[in-house]
Amino acid sequence: MTTSEISSLYREHVTKVYRYFYKRTASREISEDLTSQVFLSYAEVCRDPGTQIDDHTKYIFGITRNTFLTYLREKYEKQEFTLDIEDLSHQGTFEDETDEDQPVEQPKDITPLITHYIDLLPEAQQRVMRLRLLEHRSLKEICEILNKNMNYVKTTQKRAIRRLKEILECTPPPTNILKEK
């Protein structure tokens, strides 16, 4: 394929590819970077004399989709799993302004509190969060224990965290769970 043919296809599809990325990322810079990656990959493939492409438009949008999935995968892998246990124990508590000078009692073990909130999740999310938060298992270990793939575990964990945040925003912690026995 000649350079002029590649340029022609670039001009024809660059706006559609850019819009595809922009709609999903809402970032001009990221959309521009991903769009340029798509057309660099496409040009590299087209310059190989042994490559036979039947439908160049479908091929470009296949590269576009794969580039976006790679971007998401890399973005997700960079994120660390963080759920601040201290925030969990204070979430939803209301302190009286007159008690500001008095020290706030910190529970020694908030595992019962975590367990209480995990019990409010759907069953699949409960299993993943119990393994993650209470047993301190890695994602790989959870995959092996549940006999599920990494995407399932990550997605379930992400949904559980989102659900826990929603629950914590609306629910004060139960006081009877934190009392020492």
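The values are calculated or read from the model by the stated rules, or taken from the named source; none is laboratory data. Note that this is a predicted model, so its numbers are computed, not measured. Positions of Cβ are backbone-derived with ideal geometry, glycine not excepted, and every protein chain shown enters the neighbour counts. Heads up: the accessible areas ignore ligands, DNA and RNA and are worked out on the full protein's heavy atoms, side chains in. Shrake-Rupley method; radii C 1.70, N 1.55, O 1.52, S 1.80 Å.
Residue-level analysis places Leu40 among those that are in a helix (DSSP H, G or I) and over 22 Å from Thr155 (Cβ atoms). Applying the condition of being charged (D, E, K, R) and not in a loop (DSSP other than H, G, I, E, B) to segment 45-68 and asking which residue is farthest from Val14 (Cα to Cα) yields Arg47.
Return a yes/no flag: does segment 85-95 have any residue that is part of a helix (DSSP H, G or I), open to solvent by less than 60 Å² (accessible area, probe 1.4 Å), at pLDDT 70 or above and not acidic (Asp, Glu).
No, because not a single residue in segment 85-95 is part of a helix (DSSP H, G or I), open to solvent by less than 60 Å² (accessible area, probe 1.4 Å), at pLDDT 70 or above and not acidic (Asp, Glu).
Within the set Arg137, Arg132, the sole residue that is assigned to a loop (DSSP other than H, G, I, E, B), surrounded by 12 or more Cβ atoms within 10 Å (Cβ to Cβ) and modelled with pLDDT of 80 or more turns out to be Arg137.
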